[in-house]
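Step one of this worksheet: look at the structure below.
Only the coordinates and a few stated rules stand behind these numbers; no lab work does. These numbers were taken from a predicted model, which means no experiment stands behind them. Cβ coordinates were reconstructed from backbone atoms using ideal geometry, including for glycine residues, and neighbour counts include every protein chain displayed.
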Amino acid sequence: MYRPMNVIEAAGLSKSYGKDSTLVEALRNVSFSIPQGEFVAIVGASGSGKSTLLHLLGGLDRPTGGSVRIDGEDLYALKESQRAVFRRRKIGFIFQSYNLIPVLNVEENIMLPLLLDHRQPDKAYVRELIDTLGLGDRRKHLPSELSGGQQQRVAIGRALAYRPAIVLADEPTGNLDSANGREVLELLKLAVRQFHQTVVIISHDMNIAAEADRVLRMQDGRLVGDSRGGVVQ
Amino acid sequence: MNGYGALAGKYLKQQKRRTVLTVVGILLSVALISALGTMGQSMKDNMVDQTIYNNGAYEIRYTVATPELLQTLQHHALIEKAGAIRKGEATPLAKGYSLELAQATTAGLELAPVHLLKGRLPAADGEAVIEEWALAQLPGTPTIGGKAELARPDGTKQTYSIVGILNNQRNNMTYGMGSAYTWLDDEAALATVPDTRLSAAATFKKGVDISAHLPEFEQLSPESFDTNTQLLALKGETADKSLNKTLIVIFGVLIGLVVLSTIAVIYNAFNIAVLERMRHFGLLRTIGATPGQLRGIVFREAGLLALYGVPAGLIVGCGGLWLVLEAMSAAGFNILTFDGFKLTLHVWIIAGSAVVGLLAVMLAAWLPARKASRVAPVDAVRGTGSIVRETYKRVRLPSLLRLLGIEGNMASKNIRRNRSKFRITAFSIVVSITLFIVFHYFAQEAFKVAVDDSRDDQVAFQMLSSFTQAEQGQRDGPVQDLFDAATVADIAAIPGVEHIYGRYNLPEASIYLPTAKLSREFLEKMGEDFFLKSTLGGQEIGIVPAYTTLYDEERLKQAQPYLVAGTADPAKLSETGAVLIVQKVKPIVFSEKKKINMNLSELKVGDTIALNFGTQEKPVMREARVGGILSQAPFTPTLLDSELYVIGTKQTYAALLKGIPFDEASYGTALRGLDIALADGADAAPVRQALQAMAAQDPSIRLIDFVEEQREQRQFNLQMKIFIYGFLGVIALIGSLNIINTVQTNLMLRRREFGVLQAVGMTMSQLRRMATLEGVWFGVIGAFWGLLLGIGISFLLYRQLNNVEGIPFSFPIAGAVISCVFALGVGLLSVQGPLRKIAKASVVEELREEA
């Protein structure tokens, strides 16, 4: 079976908002690719375009120009509904503010992408996932009954539930204390190893960046740095 | 910006759409309340005017009065005005008509139902006013300024000069007895020797508690004392005040429901406005706004909205009503059959509506204001997650929605996610549906009471043969039909004529009914010895008055829909000599102070009834079999008090009357008149012309024209419908606003959540399905409780109505179905707007939504 070397391929990505005098170019001609199993951190000052980039990689927004291929599929050649289906199967999201569905319990939140696909979840895998996340005794709890760290672990679980091609995390530790932040980061790294996931993480935290396989640096909407293990590419 | 309070106006300006929606909600509610109140009060005012027009302005009356009694009244401290009328002697006119001239004092003329068409009232002996139609029958057909020789009450003739013409009265026309008045001097009234023709009438001074003093006036002459019951009832001055209490309860419930739904509409609008701005309120708190100031801002917003909505509502309510009435008048309608309906604006109704509207707004703003004031400043600056603290409830109740896949499953959880939110949403829908059902039910019942839907209201012309002429030379043989088949056929051939029903004059009869066949309920309510008792063939019987009526084939056709048992087939009835009966009656039950609808007897098809066409002393007994039972007589709008309808064909009655001497059955089964019904929408003018020509040829035929009256009746029905459906339309609008507001609130507050769902891969169509299911399910839940409450309150109103008019409770099925379908439809449609908005916005925007 053919598998592309690179699970993410961004080519000439640009995104602008507004018109004429109010024109803001959030992203200018960004191209890069990420092979499977890599743990990538995107860093940059606020307003540098890193969130916009992440949203475009996840198919949440539409680029003004350029293309994104995930697992060989041109994301923006798909129709909106196809893109939603693609998202639940191939992309896992983790947000800074957890964004769990308040009416669903831990297990249901984690299984949500599968349920949306009208699919019976692989019970053994879900259990393994929940245990790995340390939520074994919180299975039936509602998000409002969990601490911030626990909620973010549920969000990680949701992102991994469908064994997606990529996991995109937007400041996943931003709302957590350092111990919980540490834990979340370890789990993400574990996911890369155990489930052979590709993880793209946005962070201000240079400590997190330091633990990444690769760091992409953004400034004024441009990709200004790309280093692996501290080595500039 | 002169102060922090100006923030309120700025928020409202920013949220134009919602502001307009809320103002419209307030406007509609205030309009509805003021229009309902004004319409109700105007109807009452006009009913008073109309009652005075029909019955006279007197409050008490003595049908037989002595000069002393009259004098007592005239000098009584409580009496405003007392007048006397002396009944006249009939003056025979052409074609069997006659005219009765009464004498009346000046006050007597004011208190009696005397209505000038032209000219003036008599002010001297020798002057007279005469009814218009009767004037045409006087020799030489005089007019104002002319002379007529009429009989005085003492029987002597006198020539009067005619100074005025009176309006025609229907009853007088039907009986062929016109009325006329001449003047009676007060002194002369007092001086006359006592005679039974003198009657006295009086009104009380303003402010007198009439009902408290009635017994005292009754004592003056108990056997001839009488009140203008209808007028006193309308003025709230009856010994039995249940009518007014009923009206207050009914209008109170309706207005209460309108107020509740107003509160729900406004509460929802405020709630969403406050929830959406929680972060702003939090920020205001961080820069030093006190909770009281935040409350103030919300109340100030409410006040601003009321400032626009309340006056606009009053203008729209009263103005709209005025416009509708003006348009109806301009289109040639008589408003609700009142001659010259006047719309009276009462300050207390307008002020009351304004106060009620304002209170509703403030009450509705109270909870959101409290919510705004309770926001913690730290929540605003922390900027994490939802600033609105919701408590989520674990749902254990199984719901049918769960069968509908993940979307249904999530919808069911979302609906019950927050107890208070769920209650408020359900509450608004329930109130709307309840209001609709109750109003629809009430309007329907009121319509039933007010509208004559019997076949009788289709009769446009009556042709009667005057009795005296036809009787001549017919004393001995059987009486011939006074209209031959050829005449009937001629009339039937006139274009526009739909039915011709025969009129007959059957002799009176009573039924000797075995006591066992009388209904227990009737005897228990009306008294065991309500009917005279006797025995027949050794069996105890009650003597029940019979209402004998002959139905020709045309009439029997109309009876078919009312048949509850047996047959109404003329051939079968004639063949077996059987009759149709109506045993349902509606007497006033004194012990319960109301009319009650019940069976008088418990006869069954096949039973035999004994009819007495003679007197009790000299009975002429006949037997008839019950061939069929009707629920109501098709040509009588109301049920009888305590008589049994006995309807038979010509052959049946001919057999029954055989051998009965002429004096007991003067006219036998002879056809004596025709009721002519026109097709719907047929032009009456050519029919009238043709009938007039026929009547002119035969001096014994009298033609009576009901077209005008019928037209008024139909207009009345149409107008009732316009008002009812107008009010229902406004109620439906308020209800829709309510549902739209609540369902949309629920969606718009969850945009971020929808963003997340989309981010994790929910497609727009799945989202749409989930939201639509939520909207519809709220409709279902609201409909369920709304039905229960609506039907319950309808039943309560029915109990009130039942105090006045005994009617059976009819399940408000139409209102229930309409409102539920409507609620579901609106629930379904109201989610479409927010969904479109969500579909248009990018997921990223939704994720940034603050809520």
Review point. What's the Cα-based Rg to Rh of chain B, Rh via Kirkwood?
Key: 1.08
Exercise for review: Calculate the length of the line joining the C-alpha centroid of region B:586-628 to that of region B:778-797, in whole Å.
Suggested key: 41
Exercise for review: For the pairs A:50/A:90; B:16/B:837; B:595/B:721; B:118/B:206; A:79/B:840; A:90/A:140, note any where the Cα-Cα span goes beyond 19 Å.
Suggested key: A:50/A:90; B:595/B:721; B:118/B:206; A:90/A:140
Check your understanding: In a GNM of chain A with a 10 Å cut-off on Cα contacts, which of A:157, A:134, A:59 has the highest mean-square fluctuation?
Key -> A:134
Review point. Could you give the angle, 0 to 90 degrees to the nearest 10, between helix B:419-450's Cα long axis and the longest principal axis of the Cα atoms of chain B?
Key: 10
Review point. Going by alpha carbons, how many degrees (0 to 90, nearest 10) lie between the helix axis of A:148-160 and the longest principal axis of chain A?
Key: 80
Practice item. Could you line up B:795, B:217 from fewest to most neighbouring Cβ atoms inside 10 Å? Key: B:795, B:217
Review point. What value, in deg cm²/dmol to 500, does the helix sum -39500 (n - 2.57) over DSSP H runs of n ≥ 4 give at 222 nm once divided by the residues of the protein assembly as shown?
Key: -15500 deg cm²/dmol
**Study point:** Relative exposure of B:572, B:584, B:206, judged by other C-beta atoms within 10 Å (fewest first)
**Key:** B:206, B:572, B:584
**Study point:** Cβ-based exposure ranking for B:762, B:598, B:720, A:5, in which fewest neighbours within 10 Å come first
**Key:** A:5, B:720, B:598, B:762
Revision key, fill the gap. Fraction of alpha-carbon pairs in region B:180-319 farther than 18 Å apart, rounded to whole percent, equals 76
Check your understanding: Hey, could you pull the Cα Rg and Dmax for the protein assembly as shown, both in Å?
Key -> 42.8, 138
Point to revise | Alpha-carbon centroids, region A:129-146 and region B:70-133: separation in whole Å | key: 96
Practice item. Please give the average number of partner chain Cβ atoms lying within 10 Å of the Cβ of each residue in A:92-105, rounded to a whole number. Key: 6
Study note, to complete from the structure: Sparse-neighbourhood loop hits (GluC sites (Glu not before Pro), region A:85-145; DSSP loop; Cβ within 10 Å at most 15 others) -> none
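What shape does region A:176-227 take by its C-alpha gyration tensor, where a ≥ b ≥ c are the square roots of the eigenvalues and a/c under 1.5 counts as rounded, a/b above b/c as prolate, and the rest as oblate?
On the way: a/c = 2.68, a/b = 1.44, b/c = 1.86.
Oblate.
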Exercise for review: Could you check which residue among A:48, A:81, A:144 shows the biggest mean-square fluctuation in a GNM of chain A with a 10 Å Cα cutoff?
Suggested key: A:81
Practice item. Can you tell me the relative contact order of region B:506-668? Whole percent, Cα pairs under 8 Å, sequence separation 6 or more. Key: 32
Point to revise | region B:506-668: antiparallel DSSP beta bridges as a percent of all, rounded to 5 | key: 75
Study note, to complete from the structure: At 20 °C in a medium of viscosity 1.002 mPa s, region A:9-101 has a Stokes-Einstein diffusion coefficient, with Rh taken as the Kirkwood radius over alpha carbon pairs, in µm² per second, of 150
Check your understanding: What residue among A:76, A:162, A:125 has the largest mean-square fluctuation in a Gaussian network model of chain A, using Cα springs under 10 Å?
Key -> A:125
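Return the percentage of antiparallel bridges among DSSP beta bridges fully within the protein assembly as shown, rounded to the nearest 5 %.
70
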Point to revise | Centre separation in Å (Cα based) which lies between region B:491-539 and region B:267-306 | key: 72
Check your understanding: Remind me, relative contact order of chain B in percent, using alpha carbon pairs under 8 angstrom and six or more residues apart?
Key -> 16
Exercise for review: Please turn the phi angles of region B:771-781 into ³J(HN,Hα) values with the Karplus equation 6.51 cos²θ - 1.76 cosθ + 1.60 (θ = phi - 60°), one per residue in order, whole Hz, x for glycine and proline.
Suggested key: 5, 5, 4, 4, x, 5, 5, 4, x, 5, 5
Check your understanding: For region B:506-668, what class follows from the C-alpha gyration tensor (a ≥ b ≥ c being the square roots of its eigenvalues): rounded when a/c is under 1.5, otherwise prolate if a/b is larger than b/c, else oblate?
Key -> oblate
Point to revise | Spread of Cα-to-Cα distances over 10 Å intervals beginning at zero, given as percent, for region A:106-189 | key: 18, 53, 27, 2
Exercise for review: For chain A, just list the percent of Cα-Cα distances falling in each 10 Å bin from zero outward, please.
Suggested key: 8, 33, 36, 19, 4, 0
Exercise for review: Taking DSSP loops as anything outside H, G, I, E and B, show the longest stretch in chain A free of trypsin sites (Lys or Arg not before Pro) there with at most 15 other beta carbons within 10 Å.
Suggested key: A:141-233
